[in-house]
Every structure is written in C-alpha cells, then in structure tokens.
Amino acid sequence: MSIARFWRETGRRYNLGGAKCSVCQSVYFPPRAVCPSCAKHRHSLGKLMPIQLSGDGEVVTYSIVHDAAEGFEMQVPYILALVRTVEGPVLTGQVVDLAPEEIRIGLRVHATFRKLREEGKAGVIHYGYKFTPTFDADGRRKPTGTPEAPLATAAPGSPASA
C-alpha cells in the first residue's frame, strides 16, 4: 500500500469507520458507496450512512504465523485472526497481548490501535488496529462463551459474513 493511500484512509483506519445501508441495514467495513446486498444496487446509492464500529468482536478463526512476511520477522510467532464484530463485518487483524497457545475460536476481543510497521529509511510509522483480549472489571480475561451481549450473526454468504 502506498503512503498516500495509507494516509487517505487514516480516518477509517483509526476510527473503524464503516457504512450501514439504510435500505437493507447491512453494515460494511471499510465503507462503500453502493450496497451489494440490495437487489437493485442503484436504490442504495446515497443511502449508505457512516457508522462507527465499536471494535468489540469474537475470533471466528485464526492462524499462528511462524514464517513472517518481510518486516515482521521479529514478531513471530504471532496470531492473525478473522474477528466478527458485534455490528456484523468480519475484520482481519493481529491478536496481541496473548500467547499463541491461548488463542481460541470464540475468544472475545476488542480493537486497539497500535504500530503496524515502519516504512523505508525515513522511518514513517504506520498505525492501525489490532485486537486484544477483552477483560472483565476484575482484570481477568473473559472466558470463551460468556459474552456480555450476543454478537450479530449473519447468514453464510451474506455481506456481513464476508
């Protein structure tokens, strides 16, 4: 991703800004201009409203990366997960503050903003979201399967499940 594109998308990246279709109520991240769920796409033009995602979600699936891409070698092993947000969209992100052997499908997580990488000799630092385990008021990790509120569920193949 070019630096210019990265900075153009900063608002969405830092705020988890998405879009919600006022016709069918589908939620998307990143935001889009047309709703692919609506039978007649042009009926959704101008009807997708900005929405702030909460950052709360649940791990749907994950992978533990042992052979990292260039620039991430010092982080291995690390956890890369698909997280279904309470609003519905599934986001891809690194799960941090958790040992790889502790990751579980169903683990409750929350988006947090962290350093993603440095680019080039100038050392331009890119920030974005990663996920951390959700903790209760006593500072203990919430156990899997005991959600505060039920997560949004989406039918397989629906835009919220993509």
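The values are calculated or read from the model by the stated rules, or taken from the named source; none is laboratory data. None of the values given here were measured: they were computed from a predicted structure. All Cβ positions, even for glycine, are placed from backbone atoms using ideal geometry, and neighbour counts span all protein chains on display.
Out of segment 1-45, which residues are among the hydrophobic types (A, V, I, L, M, F, W, C), under 25 Å from Glu119 (Cβ atoms) and at pLDDT below 75? Result: Met1, Ile3, Ala4, Phe6, Trp7.
Inside segment 90-99, can you point out the residues that are outside any strand (DSSP E or B) and either β-branched (Val, Ile, Thr) or more than 15 Å from Lys130 (Cα to Cα) (or both)? Can you show your working first?
As a first pass, look at segment 90-99 and keep what is outside any strand (DSSP E or B): 96-99.
Once the filter is applied, which keeps residues that are outside any strand (DSSP E or B) and either β-branched (Val, Ile, Thr) or more than 15 Å from Lys130 (Cα to Cα) (or both), segment 90-99 yields only Val96.
One residue stands out among those in segment 66-96 that are charged (D, E, K, R) and surrounded by 14 or more Cβ atoms within 10 Å (Cβ to Cβ): the one that is farthest from the chain's Cα centre (by Cα), which is Glu87. The set of residues in segment 13-49 being assigned to a strand (DSSP E or B) and not aromatic (Phe, Trp, Tyr) consists of Gly17, Gly18, Ala19, Lys20, Cys21, Val27, Leu48, Met49.
Being assigned to a loop (DSSP other than H, G, I, E, B) and at pLDDT 90 or above is the filter here; which residues of segment 52-74 pass it? Result: Leu53, Ser54, Gly55, His66, Asp67. Of all residues in segment 34-53, those that are farther than 14 Å from Lys20 by Cβ have Cβ atoms under 9 Å from Cβ atoms of residues that are β-branched (Val, Ile, Thr), 6 or more apart or on another chain, in His41/Val34; Arg42/Val34; His43/Val23; Leu45/Val34.
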